[in-house]
Each structure stands twice: as C-alpha cells, then as structure tokens.
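The structure is given below, and queries will be raised subsequently.
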Number of protein chains: 2
Amino acid sequence: MPRTLARYLPILTWARSYTRETFSQDMVAAVIVTIMLIPQSLAYALLAGLPPEAGLYASILPIVLYALFGTSTVLAVGPVAVVSLMTAAAIGEVAAQGTAGYATAALTLAGLSGAILLGLGLLRLGFLANFLSHPVIAGFINASGILIALSQMGHILGIKTSGHTLTHLLHSLWSGLGTFNLITLLIGGSAAAFLFWVRKGLKPLLLNLGLGPRLADVLTKAGPVAAVVVTTALAGVLRLDTQGVAIVGTVPQSLPPFTLPDTSLDLIKALILPAVLISIIGFVESISVAQTLAAKRRQRIDPNQELIGLGAANLGAAISGGYPVTGGFSRSVVNFDAGAATPAAGAFTAVGLAIAALALTPLIYFLPKATLAATIIVAVLSLVDLSILKRAWAYSGADFAAILTTILLTLGFGVEIGVSAGVILSIALHLNKTSKPHVAEVGLVPGTEHFRNIKRHSVTTCPSVVTLRVDESLYFANARFLEDYIADRITEDCAVKHVILQFTAVNEVDMSALESLEAINTRLKAMGVKLHLSEVKGPVMDRLQRSHFLQEMGGTVYLSQYEAWQALRDT
Amino acid sequence: MPRTLARYLPILTWARSYTRETFSQDMVAAVIVTIMLIPQSLAYALLAGLPPEAGLYASILPIVLYALFGTSTVLAVGPVAVVSLMTAAAIGEVAAQGTAGYATAALTLAGLSGAILLGLGLLRLGFLANFLSHPVIAGFINASGILIALSQMGHILGIKTSGHTLTHLLHSLWSGLGTFNLITLLIGGSAAAFLFWVRKGLKPLLLNLGLGPRLADVLTKAGPVAAVVVTTALAGVLRLDTQGVAIVGTVPQSLPPFTLPDTSLDLIKALILPAVLISIIGFVESISVAQTLAAKRRQRIDPNQELIGLGAANLGAAISGGYPVTGGFSRSVVNFDAGAATPAAGAFTAVGLAIAALALTPLIYFLPKATLAATIIVAVLSLVDLSILKRAWAYSGADFAAILTTILLTLGFGVEIGVSAGVILSIALHLNKTSKPHVAEVGLVPGTEHFRNIKRHSVTTCPSVVTLRVDESLYFANARFLEDYIADRITEDCAVKHVILQFTAVNEVDMSALESLEAINTRLKAMGVKLHLSEVKGPVMDRLQRSHFLQEMGGTVYLSQYEAWQALRDT
C-alpha cells in the first residue's frame, strides 16, 4: 500500500483491522447518533431557512465522505447551529427564502466551502485558522448564540421574523408581537421548558434512580426526540395546523437528490467571503472537538487531513441537496460516549438517516416548527457564556477588548463584520504589545551566576557596565523602541563604558532590528561606549554572522551573561 | 518655568544659556546652509511641480517653527526629494500643474500633514512609524530615487514628461524623444557630469591640495551653487531662452505670502491618505537623521516632541505658500559639520532665505531648469543602492521579499501602493514566522546545570521526561501549533510520564494560548501524563496566577529547569 495514498485516505489504514467487535460497537453508536440527528438536522435546516429535508440530506453523503478522508474516529459531521446561521445570513443577501434560488445558493455556498477547505488542506495551510484567536471565537459564539435564539423566538411565538442582526431581529419581533399565536407559544414554550429541564434536572434524577452515568447521558441527549414525538402526536391528533400552528408539512420521501451548485461568477463573487469565513469557523469548531476526543484515546488528528475530510464532506453536501456542514460538538460527544470505534460508525449513521429520509418523513408531517425552534434555542443558549468577559477582564485587557468588540459588532452588524473586526483588532493589539517590549536592567544575584531585574531583586551592579535584558524578539515594530530606550538610559550617564544586551528571550532579529543594532552601536561608539551581546541563541547568531554587524560591533559576543560580567566589570 | 511648558517648547530651555559664542557658531552654520538651500529649494519645488518660489517659502516659516518646537539642535527642515515626489503624485491626482488649484492643493496637503503629525505627537503615537520596516523604507527609497531621476530626465532633454510610475514615465520620455533640445541637453548633461565629479572627485583633490577635511566637505556641498551660477550666467549672456532652453523666469520678489489651505471636504478626502503616508515617511526620515546626529553630541531626541515640531513646521508651510516639508538628510549633516550649536542656526537660515526671496530672485531669471534637474538627479541617485537586495537575500528571505515587493510595486503603481503593500507583507510575514515557533526538545549537558537542544548537543535525557523549550511568546497565532506539536510527540510514546515546558523565551501567554495550555493539560491528563512548567518569567507568572490554569495543571511550576529535572527524572 503506497504511503501517500494512505495519508490522503485514512480508511485504507483502519479498514484493514476491522473486526466483528468494532462493527458491533460502531452499530450501537450509529443507532444512538441517528436518533439524535434526525430532529437536529430538521431544526438546523429551519435555522438556515431551508426546507427540512435539506438538513437530512446534509447528514448523509457528507458523513460518508468524511469517514473516507477524515482522521477522527468519532467526529460526527453534519449541519450545526452556527454554520446554519451564517448560511442563512449569507444566502439571504442573494436570494429570498423559499425560492429555488435560495436552495441553489446554499449548494453553491457548500461547494465553495468545500473547495476552500480542500485547497487549504492540500496546500497545508491549516495554520491560518489560528488567526481566529480564542477571544474572537468566544465573542462570536456568544453573539451568534444570542442571535440564533432571537431568530427562533418568532417560531415559538408563531410570528414571522427576519434579519440577522440584533436590531433587525428585535425590530421584527416587536412589530410582529401583536399577531402571536397562543397555541404555538404553548407548544414551543413547554417544549423549551421540558428541554431545559432535561438538560439540568433529568441526569441527576436518572443517576439517583440507579442508572449508569453513560446511559443517563445518552437518555438525556434523547430529550429532543421525546419532545418531537409528543408534540407531533399532539399536533396530529388535535389537528393544531388548523389553529394556526406552523407544522413541517410534506417532506419528500427520497434519498438525497443529485444536485449541482450554480457556478455563475456573480453568485460566486457574492458568496466567496462568507464561504471563507464559514470554512474557517467550521474547521476551528470541528478540529477542537476532534482533538479533545482523540486525546482521550491517545489517537492523532492531522489538521491538514481534517481540512481535506471536511472539504470532501462539503463538496458532498453541494452535490446532494445539502448545505455547509462541519463536525458538531454535541453529536460527536454522543458518538464517542456511545463507543464508536472507527469512522464506519459515521457511515452507519448515514445509512440510518437515509432510511429516515426514505421512510420516516411522513411521520413528521405534523411536527410543529415551534418544537424545532425550542430544540435550537436550548442547544445554543448552552453556548452563551458571558462570564468569559469577566475572566478576560481579569486576565488581560487586550483579550477583553477583542471579545467585547467581536460580540458587539457581531450583534450589531452580523457575523462577518464582527469576526473580521475581531481578527484585525487581535493582530493590532498583539503588534502593539510586542512593539513596546519589556526591557529589564539586570544585575548579578550575589553568590550565584544568575542575573535578575534590578528593580525586583537586590543585585550587584557596576556603574560602568549596563546590562539590558530584552524580553521580546527584535523586529521592525520594536526595533526603534530599543534605540530610544538605550539613548534615554545612556546619554546622560557618563560613567557608562559598556552596554551588554542579554539576548536570552530574543528569538529573532530581523533586518530592521539589525539596522537598529547598527545605529545603536554607531551612536554608542560616538559616546565612547562599547556594545556587547550575551546569551545569543543559535539561530539568531547564525543570522547575525551573515551580516557585517558583528565585525563592526565595538564589543564582544559572550556565551553567558556571567562571562560577560566577569570580563567587563573591572574595565 | 512650568515643566510641561518647557517640554512642549524646548526653546525655553536652550535660549536661557545662549551666549555670544553659540551665536557666532550658529551664524557661520546658517550662512553655509543658506547658500546650499537656495538651489535645493528651487529644484525640489520643480520636482513637486510647483513654481520655484514655493521651495523658498517652504524653507522660511517652517524652519522657524521647528526651531521653536523641535528637539534636535541641528536638524534642517525644508523641502526634500522624496516628499516632493510624493506631493507631485498626490496633488497631480486632484489638479493640473500650473493651475491655482494645484498650489492650493499643495497647501492643503501640508496642512493635513501638519495636523496628522501634531495629532500623533500629542497622542504620543510616534511608535506607529515603526511599522514602516527597514526593508519597506529601503525599497521605497530605491524605487523613489529611480522614479525621481526619470521624472527629471525630461528637463535635461528639454521635453515634457508626465506620470509618477515607471511605465508612464518611460512611455512619456519615449514618445517625446523626437523633440529633444540639444542645447538643453548640453547644459543639463554637463551640469550633471560636473556634479557627479564634485561628489566623487573633488573632495580627494581638495584634501590633496592641503585643505582641512571639514572645509573640503563644505566646498563639495557647494557644488550645486557653482553649477547654478555658471549655467545661469551662460544662459543670460547667450540668451539661451530664445534657443528653446527652459529657464526659471520671473520669480516674485517678496516675503512668503499669507495663504490658506482649501478646507473643502472632497479635497481633504482625496488627500488624506497621501498625507498620512507623507507624514509618516517624512517623520521616519527626519527622526533617523536627528538621532544619528544627536548621538554624536550625546544629546537626546524626543520622538513625540519631534512629531510636534514637524507638525508645526508643516502647518507653517500651509499658511505661508509652501508645501510639505521634513528634516532633510544632506542639509542637516552640513548644518552639523558647519558647527550649528542651537536651533537658532535654523532661524538664521530662515532669515537668509527670506533675504534671498526678497532680493535675489531677479538673479535667477535665467537659471536653466535643466541645471536644477541635474542637481536633483545627482542627489537622488546617491540614495539608490540596490545592493540592499543582495544583503537582504543573504540575511533573510522575508526581508528580501518585503524589499522586492516594495520596489516593484512602487515602480509599477506609485509610492502609496508600494509602501502599503510592503507594510502589509511585512506584518503578514512576521505573523507567519511567529506562528510556527521553534520548539527544541532539550536535555542536560552532563556535568552542568544547562539544558540544550538534543539535536545539536550530546545531552542526557530520560525516557519518562520530555522537556520542550518553546522559543517564542505564546499567542493566538501559534497556540494551536504547540497543541499539535505535543500531540505528535507524546501520543505514540507510551514511556512518557512527564512533559516539562521550559518558558525561558516565553514573554507572553495570551488568552488563546492559555486555552491551548488548558487543552494540552487536559489531553495529557487523559493519557496519564503530567504537565509541568519551568523558568516562567515574572510577568507571565503574574498573569497565569490570575487564571485557574495553575490549579488545574497536573504538575508543578519549577523555578529552574534543573530543579524540574532533579525532581522528575527518577519518578
């Protein structure tokens, strides 16, 4: 078996050791995940503004393709809340909900996402996702959670809402409030209350009743299924649709259709930016779930191969009537807890959903949309955790600013502007921080060979020798800072004969910094002061040796600060 | 005397100790600089597309204002080549050369520059200029030098040229080539040849004749004056203007007029971006000259006060018929060499130029424009030094890429696009570099307490303890890199019981990195491996203590790596 092929097709590795035992483990997990996925898929399709079957279709071919190309044994790929919201926002700009153009735009968005993810994976550019910092992700998830919950309030109240920003949503809720439907509200409200109770109260109860913690967990996760079954039965028996309760209605009984995205240049131009953002956000969500679960089993996740797996899954969604997908958090945890042993569990889930799409759709004819909305609200509100703001405030002002900016701009202007502003702000704050590095003047701790900050410790110094420890790599943004710092320190102190720069924490000296070092050296020479370096790292030294700086420098490069001190203190 | 006032008005400090001796030093310097400045001011005005008197006016009030607010004793403020080129490019977009609107736009540009510089100074934002990295500055100066020299070739050939990019300039030179004027070419060509010889050959000759090096220098710098005098006399005696030689013509005999910039919003919008760039580039050029000269006299330059001084100078240019100014390199060096002792030397220069503007302008009626063009070409070609590309190639690929990009885009699309692209590329390359930090697995150098890279040194290790030294601050762009790195290293090595992260070179741990450390800790715990830290710096430790990470961490924080090794190697 050629190794490159095995790298790009992990299935070639795990399928060889597939046994009857792993098969039965995978089957059990697949059944549990399928039951959980059916209401979730329908609900997220609703959130994306698509017909319910789009959610089912998005969970079939994509799962199979991820099983072929992905590296996680337990990641469950399919529609997720945040990506569904972003899909609705993106394609809402180019087509009206319910039109054929809207569904086609969703396919195109999935196709673009797939191409982007695949491209990033093949070019091994997965690290780009790192620029989505933790504060930006946290801010964006919180704000999205609030926006998603608000967008579903209309279904719970039985009124039409529109918009993907806080003001639009609040405005449309407020103006529709007069036309709310009481029965819808009763169904949606009690479903939500039931689901909240399942999350908070059911598990302790089951544990008290003597159930094992794993079974209790799985039963808790099945709460939405119970809500779906009960409210659908109620709506069917009482014919609530005649009372103004919105129901799912006819869902075609079929396997996923073969579809083609629209490749017109105008549509692609309109969707390319949202597609980039959906891809990266989806990838970040997926990879962090996959890595956390993989560590529990000492398994490895290859981020670039994950990009390929998710890319294939999205391309699959594009040609089978779906919309953008990614690895979901809650269903992957269920899959893991239920004992899925290989990606085959995912393939079996796909079979389960295919059966549901073929045979079970008539059963959900009477399913109230308010029930689906309730499952979404309960799911996303668990993601909203504004205490991150408090923690960030305590930890670092820059991180706090990034979170707050992302939250406010996402709420006010949508996910794209919020996340872009958050990323730009994070980079700007980081550059600002490194542009004013911490520089400590150090002295010898008596009786040791260690040097410490003269402001924090009682140390030995010598008036003719100034040692400065620079706590940052030297590059263009902070190079001149050091020039100014040394000029400030030395200019008026005529006792100084030697300046030692201790480079322990300097991991890089770029050309601008080299220029600054040369300027520092020239200016110190003009004052009759010698410049020395100590504890220069290998890679930095290699590079300095390729320039003329070391020849021009007045002083010496010492291996250790202590050596420098010994050589210079008596001169 | 209140201290804040003294900070913003340095004159209050130096004027108190002004003596007869400093007065005579300043007078000598002022006379020399005045003689040098007259042809330079006329030439740079020509380069900016303005009438010659604009150059003189830009050297009078701005110099006086800088003397009041600046901190350098020797910086000579006025029109400079690069800023003149950028002025021509910027206002060429909004008005036609020779119109009243063109001169007004120049005033507006100076006013905007002044306001920006003053604002940056008062807000103490001088560090922003650092984002103009050395490669970008070098690239931009080289490209500008080539563009300026080409733009003056038209004057030497006696043909009309236009444009501010390589292709435009070459095209207009080529299409005008048929109409060149032989006498103009003879004057311009011999002036250029003479000036090149003055630069290269005159100084050694004078030194051989027994002159002092300082006098030889000053005489060399007076070369342009000789060229102006001789060619003007020639043109006047032979009435070369009737032979098609372009001459300066009538220059009004007056002190600088009182002028007002145009404050219409459209014009400000069109000029604001060029103004930002002119301000920052002018500031960078000026501050580096000022600091280099100040170091030679052990004097201090305050970068933020320099912004205020240059801001005042530009506002002065805006209200006295000038255009954007900054501290010039060559004239400041002359001022320094001639012995200027205080900023009063600048004020005396202003008086000299005012006398020139009042009384001497009739003398330059016959001054051929080709002579001025020759002085510009010789001055800027000395700035062109493409060997920087070779040095950058040897030193670092990222710096080389930044220089090449800036040069090519400046030549092809102008200074604004070239410099912006260079800055963005520099930032992107820096982030890319820090996003893949160097991580070394280290072991104990036998017989010492030092730890070194196991790949570079022969060191002692222990199969159950893995020590990783992270050579970079941990922040969002590289946080997940460490997660992947550790997962790769540990997952399949079941002997490992302890992972120590040696934080010697970690100057920051932001919230994203904290999240990653938590993830690493959780995953290692799941594998039965303990995470430890060693040599954590004070500020980093302070911050970690404000989070829950240290409580959750399985292992210990050791002060030194050797302590960690001793504690863990036998477990």
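The values are calculated or read from the model by the stated rules, or taken from the named source; none is laboratory data. Since the structure is predicted, the reported quantities are computational estimates derived from the model, not experimental observations. Quick reminder, even Gly has a Cβ in these numbers, built from the backbone with ideal geometry, and neighbours come from all protein chains shown. Heavy atoms of the whole protein, side chains included, go into the accessibility calculation; ligands, DNA and RNA do not. Shrake-Rupley method; radii C 1.70, N 1.55, O 1.52, S 1.80 Å.
Restricting to Cα atoms and excluding each atom paired with itself, what does the Kirkwood estimate give for chain B in Å?
Roughly 27.0 Å, rounded to one decimal.
Can you tell me the orientation of helix B:397-413 relative to chain B, as the angle in degrees between its alpha-carbon axis and the longest Cα principal axis, to the nearest 10?
30 degrees
Using only atoms on other chains, find how many Cβ atoms lie within 10 Å of each Cβ of peptide B:501-510 and report the average. Spell out each step's value before the answer.
Working: counts 0, 0, 1, 4, 9, 3, 11, 9, 2, 12.
Mean shielding by partner chains, rounded to a whole number: 5.
Relative to the first principal axis of the alpha-carbon coordinates of chain B, what is the inclination of helix B:166-176, with its axis defined by its Cα atoms, in degrees from 0 to 90 and to the nearest 10?
Around 20 degrees separate the two axes.
In Å and from the alpha-carbon atoms only, list the Rg and Dmax of the range A:439-568.
Final numbers for Rg and Dmax: 13.7, 39 Å.
Lysines within cross-link reach of A:Lys525: Cα-Cα under 16 Å, excluding same-chain residues under 8 positions apart?
Partners within reach: A:Lys497, B:Lys296.
Find which of B:Ile146, B:Val276, B:Phe476 sits farthest along the positive direction of the dipole of chain B, computed with +1 on the beta-carbon of Lys and Arg, -1 on that of Asp and Glu, about the Cα centre.
Sorting the options by dipole projection puts first B:Ile146.
Net charge within 13 Å of B:Leu202 by Cβ-Cβ distance, Lys/Arg positive one each and Asp/Glu negative one each, not counting B:Leu202 itself?
+3
Specify, for chain B, the residue whose C-beta is closest to the rotation axis mapping it onto chain A, with the distance given in whole Å.
Spelled out as residue then distance in Å, it is B:Ala505, 2.
Per DSSP helix of 4 or more residues, -39500 (n - 2.57); summed, then divided by the residues of the protein assembly as shown. What does that give at 222 nm, rounded to the nearest 500?
-19500 deg cm²/dmol
Please give, to one decimal in nm, the separation of the simple spin-label points placed at B:Val31 and B:Lys497, each 7 Å out from Cα toward the Cβ.
With each label placed 7 Å out from Cα toward Cβ, I get 8.8 nm.
Need one value for B:131-140: mean number of C-beta atoms belonging to other chains within 10 Å of its residues' C-beta atoms.
Rounded to a whole number, the mean comes out at 4.
Hey, quick one: spin label on A:Met541, modelled 7 Å out along Cα-Cβ, who in the range B:380-395 has an amide N within reach, i.e. under 20 Å?
Counting backbone N atoms under 20 Å from the label point, the list is B:395.
Let me ask something else. Return the carbon/sulfur percentage of the accessible area of chain B, one whole number, probe 1.4 Å, all protein chains in place.
Working: 15080 of 23080 Å².
Taking all protein chains in place, chain B shows 65 percent carbon and sulfur surface.
Then there is this: Starting from 0 in steps of 20 Å, tell me what percent of the Cα-Cα pairs of the protein assembly as shown lands in each bin.
Values per bin, smallest distances first: 11, 33, 29, 21, 6, 0.
By the scheme Lys and Arg +1, Asp and Glu -1, what is the net charge of all other residues having a beta-carbon under 15 Å from that of A:Lys269?
Summing Lys/Arg as +1 and Asp/Glu as -1 gives -4.
What angle, in degrees between 0 and 90 and rounded to the nearest 10, separates the Cα long axis of helix A:476-490 from the longest principal axis of the Cα atoms of chain A?
The answer is roughly 30 degrees.
Let me ask another. Please list, ordered by chain and number, the residues whose modelled amide H lies under 5 Å from the amide H of B:Ile247; skip anything fewer than 5 residues away on the same chain.
Placed amide hydrogens put B:Lys369 under 5 Å from B:Ile247.
Now a separate question. Using Cα positions and a limit of under 27 Å, work out the lysines in reach of B:Lys160, with same-chain residues fewer than 8 apart set aside.
Here the lysines satisfying the reach criterion relative to B:Lys160 are B:Lys369.
Measure of size requested: the Rg and Dmax of the range B:191-340, with Cα atoms as the atom set and Å as the unit; please supply both.
20.3, 60
Around A:Gln561, what is the net charge, scoring Lys/Arg as +1 and Asp/Glu as -1 over all other residues with Cβ under 11 Å from its Cβ?
Spelling it out: positives minus negatives among the neighbours equals -1.
Related question: Using only Cα atoms, locate the centre of the range A:501-519 and the centre of the range B:10-79, then give the distance between them in Å, rounded to an integer.
Their Cα centres are 35 Å away from one another.
Here is a further query. Treating only the Cβ of Lys, Arg, Asp and Glu as charged (+1, +1, -1, -1), what charge dipole size does the protein assembly as shown show about its Cα centre? Round to the nearest 20 debye.
Dipole of the protein assembly as shown, to the nearest 20 debye: 920 debye.
Evaluate the charge dipole of the range B:389-476 about its Cα centre and quote only its size in Debye, nearest 20, assuming +1 on the Cβ of each Lys and Arg and -1 on the Cβ of each Asp and Glu.
260 debye
About its Cα centre, what dipole magnitude does chain A give when the only charges are +1 on Lys and Arg Cβ and -1 on Asp and Glu Cβ, stated in debye to the nearest 20?
The dipole of chain A has a size of about 1120 debye.
Give a residue-ordered list of calculated ³J(HN,Hα) values for the range A:458-474 (Karplus: 6.51 cos²θ - 1.76 cosθ + 1.60, θ = phi - 60°; whole Hz; x for Gly, Pro).
Along the range A:458-474, the couplings run 8, 10, 8, 10, 9, x, 8, 10, 10, 10, 10, 9, 8, 8, 5, 4, 9 Hz.
For B:Tyr562 and B:Lys269, calculate 0.36 nm times their separation in residues minus their Cα-Cα distance, and state this gained length in nm to one decimal.
99.4 nm
Which value, in Å², gives the accessible area per residue of the range B:90-129 when a 1.4 Å probe is used on the protein heavy atoms?
Heavy-atom accessible area per residue stands at 40 Å².
Right, something else. Using +1 at the C-beta of Lys and Arg and -1 at the C-beta of Asp and Glu, which of A:Ile60, A:Gln299, A:Ala193 has the Cα lying farthest in the positive direction of the dipole of the protein assembly as shown?
A:Gln299
Considering amide H positions built from the backbone, and no H for Pro or chain starts, which residues 5 or more places from B:Gly554, or on another chain, come under 5 Å of its amide H?
For B:Gly554, whose amide H was placed from the backbone, the distant partners under 5 Å are B:Leu531.
Right, something else. Could you state the accessible area per residue of the range B:430-571 in Å², with a 1.4 Å probe and every protein chain left in place?
40 Å²
Do any of B:Lys269/B:Lys433; A:Lys455/A:Lys530; A:Lys203/B:Lys436 go past 32 Å between their Cα atoms, and which?
In this structure, B:Lys269/B:Lys433; A:Lys203/B:Lys436 exceed 32 Å between Cα atoms.
Among B:Leu404, B:Ser172, A:Val465, whose Cα lies farthest out toward the positive end of the dipole of the protein assembly as shown, if unit charges sit on the beta carbon of Lys, Arg (+1) and Asp, Glu (-1)?
Working it through, the farthest residue towards the positive pole turns out to be A:Val465.
Report, ordered by chain and residue number, the lysines lying within cross-link reach of A:Lys200, taken as a straight Cα distance under 20 Å and ignoring same-chain residues fewer than 8 apart.
A:Lys221
Moving to a separate point now. In Å², nearest 100, what accessible area do chains A and B bury in total when the solvent probe is 1.4 Å?
6500 Å²
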